[in-house]
Amino acid sequence: MAQWIEGRVVERIDWTDRLHSLRVEAPIAPFRAGQFAKLGLPVGEEIVGRAYSLVNPPGDPLLEFYFSEVEEGPLSPRLAKLEAGAGVLVASQPNGFLVLDEVPPAIHLWLLSTGTGIGPFLSILRTEEAWRRFQRVVLVHAARAAAELTYRRLIAGVAEAQPKRFAYIPFLSREAADYALAGRIPAAIGDGRLEARAGLALDPAKSQIMICGNPAMVEDALAALAARGLRKHRRKEPGQITTESYW
Ligand SMILES: Cc1cc2nc3c(=O)[nH]c(=O)nc-3n(C[C@H](O)[C@H](O)[C@H](O)COP(=O)(O)OP(=O)(O)OC[C@H]3O[C@@H](n4cnc5c(N)ncnc54)[C@H](O)[C@@H]3O)c2cc1C
Ligand SMILES: NC(=O)c1ccc[n+]([C@@H]2O[C@H](COP(=O)([O-])OP(=O)(O)OC[C@H]3O[C@@H](n4cnc5c(N)ncnc54)[C@H](OP(=O)(O)O)[C@@H]3O)[C@@H](O)[C@H]2O)c1
């Protein structure tokens, strides 16, 4: 059983009607970049709890969560209504394996995300470890519409700090923009557009890949990468791919 800690919302950011971030004060145990914490609210007699990736890097005074409001969902529409000062429960112990500790050494790190799945990568990108361990880091964020390509200012800050080592590659599937690749990530792995845009090859000897977000995207990306000779990393059977599915 999770031990709940009473946290306090310090700020809510509304990116679009259904995409929000919460900044929360809560004294939870230390976490590793890429992990998630559980948020909970009382609903009737029960506490409804769900996992949310930490967007902030370890050591920040506030916890930050980026989430989508799922219509009819038991928790996310309630989280989306919390105002500054409201209480929210946070599980005391963060968890999860989408962390650099689980990723074998490599030269290039690819971070592939859809929707809110970008969250854990925004934490990882702001650790010293990511830049100590990899020569180049590629962040891929796929969304339906341009307004959903969130956290652009934070990402621009990473690009400014690492001008030669970092690439941000946005994808849009349901509208067009000259700065974004069109369509879905697996298709762009298959036809070479992703590597062309990154200026890097997906190479089993040089690349490690972390994938997060929509489970169908995770499956389709695994299949597209398998065709290129990359496979899931397991402690007993080393590979190149570490994944987390949000549902
Ligand atoms: C390890 C882990 C980490 C997670 N981190 C995040 C996070 O950082 N941000 C976040 O928004 N969600 C995250 N989720 C999903 C989150 O836990 C909830 O499921 C989600 O917020 C919906 O909660 P709900 O109670 O309203 O509806 P639920 O009953 O939990 O979900 C209803 C349906 O909503 C859809 N759905 C769930 N999550 C998403 C999503 N993120 N985007 C689009 N559709 C979704 C699925 O079809 C799901 O079956 C994570 C899940 C896991 C397992
Ligand atoms: N985004 C919106 O405007 C919107 C508005 C209201 C409600 N919703 C609901 O919110 C939920 C989540 O929407 P979301 O847009 O945050 O997340 P999403 O459906 O996971 O879409 C995010 C990105 O992932 C892509 N994707 C989906 N399946 C994929 C696959 N198998 N392989 C590769 N890429 C894949 C999508 O491309 P495709 O576009 O090609 O699917 C899109 O570019 C959905 O249930 C949706 O109905 C969304």
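Considering region 131-155, the residues that are touching a residue at least 40 places away in the same chain (Cβ under 8 Å) and more than 16 Å from ligand 2 (Cβ to nearest atom) include one that is nearest to PRO105 (Cα to Cα), namely PHE134. Screening the candidates THR114, THR150 for the property of being closer than 30 Å to ARG234 by Cα, under 17 Å from the mean Cα position of the chain (by Cα) and at pLDDT 95 or above yields one hit, THR114. Kindly evaluate ALA177 against the criterion of being closer than 27 Å to ASP203 by Cβ and assigned by TED's automatic domain parsing to the domain that holds PRO215. For ALA177, the condition - closer than 27 Å to ASP203 by Cβ and assigned by TED's automatic domain parsing to the domain that holds PRO215 - is not met.
Mind telling me which of the residues THR16, THR114 ends up being touching a residue at least 60 places away in the same chain (Cβ under 8 Å) and within 30 Å of LEU202 (Cα to Cα)? On inspection, the qualifying residue turns out to be THR114. Where in region 1-117 are the strands (runs of 3 or more DSSP E), entirely inside, with at least 1 residues that are surrounded by fewer than 20 Cβ atoms within 10 Å (Cβ to Cβ), within 13 Å of ligand 1 (Cβ to nearest atom) and not β-branched (Val, Ile, Thr)? Counting at least 1 such residues, we get 19-25, 36-43, 46-53, 63-68. Screening ARG184 on (1) within 10 Å of ligand 2 (Cβ to nearest atom); (2) crowded, with 20+ Cβ neighbours inside 10 Å; (3) in contact (Cβ under 8 Å) with a residue 40 or more places away in the chain shows it passes everything except condition (2).
One line per residue, one yes/no per condition, for (1) near ligand 2 (Cβ under 10 Å from one of its atoms); (2) touching a helix residue (DSSP H, G or I) at 6+ places or on another chain (Cβ under 9 Å):
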| site | (1), (2) |
| --- | --- |
| GLY157 | no, no |
| ARG165 | no, yes |
| GLU195 | no, yes |
| ALA221 | yes, yes |
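The values are calculated or read from the model by the stated rules, or taken from the named source; none is laboratory data. Quick caveat: nothing in here was measured; it's all calculated off a predicted structure. Here Cβ is always computed from backbone atoms with ideal geometry, including for glycine, and neighbour counts include all displayed protein chains.
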